[in-house]
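Heads up, the thing below is written out as structure tokens.
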Amino acid sequence: DFGRSSELAFVVEPSDDIAVQEQPLILYCQVEGIQPITITWRKNGVMIVDSENAFMLSNGSLYVSRFQRVRGDGSSDEGEYDCMAQNHYGLLVSRKAKIQAATMSDFHIHPQNAVVEEGGVARFQCQIHGLPEPVILWHKNSMPVNTDNERYTLLPKGVLQITGLRAEDSGIFHCVATNIANVKFSREARLTVSGSHSTVYKDPMILVGPENLTLTVHQTAVLECIATGNPRPIVSWSRLDGRPIGVEGIQVLGTGNLMISDLTVQHSGIYVCAANKPGTRVRRTAQGSLVVQAPAEFVQHPQSISRPVGTTAIFTCVAQGEPPPQITWLRNGQILETSDHIKLKNNNSTLSIYGINQADEAIYQCLAENSAGSTQASARLTVLWADGLPSPPQGVRAETVSATTIQVSWEKPLQNTKEIIGYVLHIRKAADPVEMEYQEAVSKSTFQQLVTDLEPSTSYSFYIKAYTSRGASKASEVTVVSTLGEVPAMPSLFIKVINSTTVQATWEPSIKLGQHEGFKLYYRKVHLSQYTGPVLLASNVTAYNITHLDASVVYEVKLLAYNQQGDGNSTVRFVSLRETVERTVLNPPCDCMKDEQNNKTSTTGIIIGIHIGVTCIIFCILFLMFGYRGRLLMCKNVQEQLSTPQIPRSQRSATGLVLNGATRRDRDDRDLNGKQLDMNELERLFPASPSQEQQEKEIMSAHSLSASHDETQISTLPLDEFSIIEEQPDPLPKNPHGSSPAAPAPDHGPANEG
């Protein structure tokens, strides 16, 4: 590296220009760097050979003696020119300079006659195209318009505005367009100022609003807005996006035209002109867009670098502009083509060269270009090569050990081996780009390396470099070998019973299976040795229904994945359909036709049920009312006639059991069913006689004897054999023995029926 002064670089590059017909043209190109330097020129990519019309000067500039837009043979001197500089280290290409012929067309808009009342606004316009942009001046009555008069406003696009018209403004107007190509005059137009200033109210009105403009940074934009009305409207400007217009470089021309000097990209936007009636909110608006373009310029230039053989070189080139520029890379003046070891990233902003060698030593250029202009920057790559470095390692071999392992071996270099400090093994999938390569370091005394964690059935490339403290050797020859194939792993398997004759086998596809071509499914009855299958299924299938099974036996289902290497281990599941059959018997399917017929009578049944329910409720209420009344009357008469004291409750347990017709446990069950007879009520309704007391004692004795054997063998009185007759009692004659006649006792039956 000889420092910055040694770098081949342009001091002056050709620039865009407009040439005059039949006039000489000079395109400048000045280069610095280590001599000798050769400079050549191209037009539209074609080398320019020195001739009488165009030749190169001693300082490297191109001289065109008589510029012609169209020559006799149909060729033209217009086009894109660039110069190329070359020395021992490489070749540079300058930016492209666009050369155009100066021209001027005829006027395509001429001023028109106008009659305007005094105090009003007059506007004349001329329009003409030319290169460079013509300068338009106005004449009144064949004399230049006095631009010192503040009521006269001349706009760059050929517009003349006259406000606050007076009688002396009447006259004949025309415009004059001038550039380096020609001078042209427009037609004349007469302005007539009529009458006196009117006091009639007129709404604000915008005669001419801003037009859409596309300009380049540092130029000047003039947005026209001329309005009329009575009273005279106030013109104001704003941006549609709400951002402030600012004050720097902003000027108002005439009564409402907006001029923005030294444009920047931030000035781009939509501008709104508003004409307001003074003191009111009455307004009219018009709008136009302003687009400001910026030529491409570099934010970060590529830097020249020096790198040892076999390493990676990276150049970065960042450009900005409006619209965003496109970036192109050149190598020694030629379009750079990407390859396995040359990559472009980040929208071409980053150039990476992997595993550089001496053939990569060159000058690399970054060209940034958009519609507003282009620029270029360059950097040189120097490939370092130290004397005495080892020669490449010899005899590189790679042998496949397994589906995931390869062993690589090599022999030491033939030359300069004393300073070797180690070896680096470079590994890459053969199908991957160079940037996906990775390395493994190996000691200087080791000449083989076991590379693990590889993918089955995959090709890998390997090469070796020997390293010293001063640099690396050149790469050895590349060897490519593939790993062995591997059978797939066991798939997961799930069995779902669909019905009494069908099951569904499902499984999940998984990358853990490895490379597989499909699945094989087998099934059999467990007491048989013969499988049904295999059923071959594609690798994207994840379910299969096994039908026509026997519900009375157990089945074994087996699934495995396979590929070119063979069958993987299988997953086995057992399934029985018997439970499904039993559930079907216990829960038979509904007879839908029968239910449908039954539903037809549902409405009638509901109505009949309602009537029956209401009738039952009425009878129950009447029964309770009359029964309660009769019971009160009977109890009253009985209390008056009875003299025998009631048997205490503690002495009536057996009788109570008989009268209630069940044991205490049975009585509790009757409580749940709502059928228990209240003992106190029975005692009041059926008072006991002396003869009944004796019978009760006998019953109690019998009950005690039987209860000692089995409490459940107590004689009961079925409720359906027990009845209560309610009637109004007649006056009873007194018993000569002083006791009431015994109430008729129901037939209790045997005390113990066993």
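The values are calculated or read from the model by the stated rules, or taken from the named source; none is laboratory data. This structure is a prediction, so every number in the text was calculated from the model and none was measured. Backbone-built Cβ (ideal geometry, glycine too); neighbour counts: all protein chains shown. To get the accessible areas, we keep the full protein, side chains included, count just its heavy atoms, and leave off ligands, DNA and RNA. Shrake-Rupley method; radii C 1.70, N 1.55, O 1.52, S 1.80 Å.
The table below gives the values:
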read-out	value
Distribution of pairwise C-alpha distances over region 362-418, 5 Å bins, in %	4, 13, 11, 9, 8, 9, 9, 10, 9, 8, 6, 4, 0
Across Lys98/Lys343; Lys96/Lys345; Lys98/Lys157, pairs whose alpha-carbon gap is larger than 27 Å	Lys98/Lys343
Calculated on alpha-carbon atoms, Rg and Dmax of region 9-101 in Å	13.2, 42
Region 432-540 - accessible surface per residue (Å², probe 1.4 Å)	56
Semi-axis lengths, Å, region 1-55, gyration tensor of Cα atoms, sqrt of 5 times eigenvalues	28, 14, 9
Efficiency of FRET between Thr615 and Thr501 - r from beta-carbon atoms, R0 60 angstrom, step 0.05	0.65
For region 196-307, average projected area of the Cα convex hull in nm²	9.6
Linear extension gain, Asn212 paired with Thr400, 0.36 nm per residue minus alpha-carbon span	60.6 nm
Distance (nanometres) between label positions extended 7 Å along Cα→Cβ at Leu57 and Ser261	3.4
Hz values of 3J(HN,Hα) by residue in region 15-24 - Karplus curve (6.51, -1.76, 1.60), Gly and Pro given as x	10, 4, 8, 10, 9, 9, 3, 6, 10, x
Equivalent-ellipsoid semi-axes of region 104-286, from the Cα gyration tensor, Å, largest first	26, 26, 12
Region 301-384 - Kirkwood radius from inverse mean 1/r over Cα pairs (Å)	13.0
Gyration tensor (alpha-carbon) shape descriptor, region 173-238, a/c threshold 1.5	oblate
Cα shape, region 280-343, gyration tensor, a/c 1.5 rule	prolate
Phi to ³J(HN,Hα) by Karplus 6.51 cos²θ - 1.76 cosθ + 1.60 over region 162-169, Hz, x for Gly, Pro	10, 10, x, 4, 10, 4, 6, 7
Stretchable slack from Arg187 to Thr312, in nm (0.36 nm times residue separation minus alpha-carbon distance)	38.0 nm
Three principal axis lengths of region 259-401 [C-alpha, angstrom, descending]	96, 39, 22
Region 397-482: proportion of alpha-carbon pairs further apart than 18 angstrom, %	40
Percent carbon-and-sulfur accessible area, region 9-101, ignoring ligands, DNA and RNA, probe 1.4 Å	50
Average accessible area per residue (Å²) across region 13-164 - probe 1.4 Å, nucleic acids and ligands excluded	52
Accessible carbon and sulfur surface of region 397-482 relative to its total accessible area, %, 1.4 Å	47
In Hz, Karplus ³J(HN,Hα) per residue of region 257-272 (6.51, -1.76, 1.60; θ = phi - 60°; x = Gly, Pro)	7, 9, 10, 10, 9, 6, 4, 10, 4, 5, 6, 4, x, 9, 9, 10
Peptides ranked, highest mean first, by Cβ atoms within 10 Å: ranges 202-215, 354-367	354-367, 202-215
Other-chain or far-sequence residues with amide H under 5 Å of Ser402's (modelled H)	Leu484
Interchain or long-range residues, amide H under 5 Å from Gly119's placed H	Leu165, Arg166
Region 301-384 - percent of accessible surface contributed by carbon and sulfur, probe 1.4 Å	44
Theoretical gain in end-to-end length, Met436 to Arg578 [0.36 nm per residue, Cα-Cα removed]	45.3 nm
Prolate/oblate/rounded call for region 494-576, Cα gyration tensor, a/c under 1.5 rounded	prolate
Largest-first principal axis extents, alpha carbons of region 421-460, Å	31, 21, 12
